[in-house]
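For reference, the structure is listed below as structure tokens.
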Amino acid sequence: MEYTRSITITNWQAIQDKFKDKESIAFNKRNLILSAKERHWIAEQILPDINKFTGMEHNVANAIIFIQPANLKGVIHVDGIKPGREGHPDWALNIPITTSDAEMSWYEGNYTLKTEDNQGLAYLDIVWTSGPNLAKAIKVDRPIIVNIDTPHSVTNFSNHLRMVLSIRFNPDLNLK
């Protein structure tokens with residue numbers, strides 16, 4: 001199973017600079033959904049790199065800044081809202097906004113999915129029948145394309161807030 005793909009995002013520093021100011025309003029939130037204007041700006045910054053990488057033409061379907069408090073291990077989950085994941089992408093581009101010691105982990109095992117809600121953000125929770133067994137873990141310290149249809153979690157080992165911009169595309173990146 002493939003969990004990540006390395007990618008170079010030419011304008012990574014400009015993206016960090018634009019969204020770092022959101023840290024002042026992020027301390028009591030779990031996510032910030034980018035506005036249409038912000039999605040348009042981010043598309044201008046990343047689509048040349050994404051389209052070159054895949055050889056296809058993409059649009060930004062969704063962009064969310066995920067916020068994780070200091071020293072917190074996130075729950076193991078699969079991205080999506082409905083257990084069948086119909087119409088949901090399998091891959092996302094994650095771009096660190098803050099500098100933090102963070103690790104993303106993927107898990108294997110047998111499970112079923114059920115919809116849960118965490119402070120207004122629906123996600124798929126996992127009911128394990130066997131597992132979870134750690135399959136892979138990576139440091140998230142640069143832009144990276146990640147598999148979001150496999151159980152995963154993120155741990156923030158830092159003593160400060162972690163913010164990562166997660167972008168989904170239409171069509172999906174289809175990297176399997």
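Before moving on, here are some points about what is shown:
- Listing of strands (runs of 3 or more DSSP E) fully contained in segment 83-147 that carry 1 or more residues being more than 29 Å from GLN45 (Cα to Cα), touching a Cys at 6+ places or on another chain (Cβ under 9 Å) and aliphatic (A, V, I, L, M): none
- Residues of segment 38-80 classified as of a type in the set (D, E, K, R) and assigned to a helix (DSSP H, G or I), total: 5
- Any hit, segment 138-146, residues being surrounded by fewer than 22 Cβ atoms within 10 Å (Cβ to Cβ), in contact with a Gly (Cβ under 9 Å, 6 or more places away or on another chain) and among the β-branched types (Val, Ile, Thr): no
- From the list GLN68, GLN13, the lone residue that is free of Cβ contacts under 8 Å to residues at least 24 places away in the same chain and closer than 19 Å to ARG142 by Cβ is GLN13.
- The set of residues in segment 1-24 that are polar (S, T, N, Q), surrounded by 11 or more Cβ atoms within 10 Å (Cβ to Cβ) and over 23 Å from TRP106 (Cβ atoms) comprises THR10, ASN11, GLN16.
- Residues within segment 149-161 that are β-branched (Val, Ile, Thr) and closer than 22 Å to ILE15 by Cα, tallied: 1
- In segment 44-61, the qualifying residues are those that are in contact with a helix residue (DSSP H, G or I) (Cβ under 8 Å, 6 or more places away or on another chain) and free of Cβ contacts under 8 Å to residues at least 40 places away in the same chain, and the one that is surrounded by the most Cβ atoms within 10 Å (Cβ to Cβ) is GLN45.
- Residues of segment 16-37 classified as over 25 Å from LYS136 (Cβ atoms) and part of a loop (DSSP other than H, G, I, E, B), total: 5
- None of ASN59, ASN51 is closer than 21 Å to PRO171 by Cβ, touching an Asp or Glu at 6+ places or on another chain (Cβ under 9 Å) and modelled with pLDDT of 95 or more except ASN51.
Each row is one residue, and each column tells you yes or no for (1) modelled with pLDDT under 95; (2) touching a helix residue (DSSP H, G or I) at 6+ places or on another chain (Cβ under 6 Å).
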{"site": "LEU113", "(1), (2)": "yes, no"}
{"site": "GLN119", "(1), (2)": "yes, no"}
{"site": "TYR123", "(1), (2)": "yes, no"}
{"site": "LYS136", "(1), (2)": "no, no"}
{"site": "PRO143", "(1), (2)": "no, yes"}
{"site": "VAL146", "(1), (2)": "no, no"}
{"site": "HIS152", "(1), (2)": "no, no"}
{"site": "PHE157", "(1), (2)": "no, no"}
{"site": "ARG168", "(1), (2)": "no, no"}
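- Residue tally, condition modelled with pLDDT of 90 or more and either touching a strand residue (DSSP E or B) at 6+ places or on another chain (Cβ under 7 Å) or buried (at least 19 other Cβ atoms within 10 Å of the Cβ) (or both), over segment 25-37: 1
- Condition met for VAL127 (closer than 29 Å to ALA36 by Cα and either touching a residue at least 40 places away in the same chain (Cβ under 8 Å) or not hydroxyl-bearing (Ser, Thr, Tyr) (or both)): no
- Residue that is surrounded by the fewest Cβ atoms within 10 Å (Cβ to Cβ) [pool: residues in segment 88-112 that are within 19 Å of the chain's Cα centre (by Cα) and of a type in the set (Phe, Trp, Tyr)]: TYR107
- All conditions in (1) within 19 Å of PRO89 (Cβ to Cβ); (2) surrounded by 14 or more Cβ atoms within 10 Å (Cβ to Cβ) hold for THR115, with the sole exception of (2).
The values are calculated or read from the model by the stated rules, or taken from the named source; none is laboratory data. All of these numbers come straight from a predicted model, not from anything done at the bench. Please note: Cβ atoms are built from the backbone with ideal geometry, for glycine as well, and neighbour counts cover all protein chains shown.
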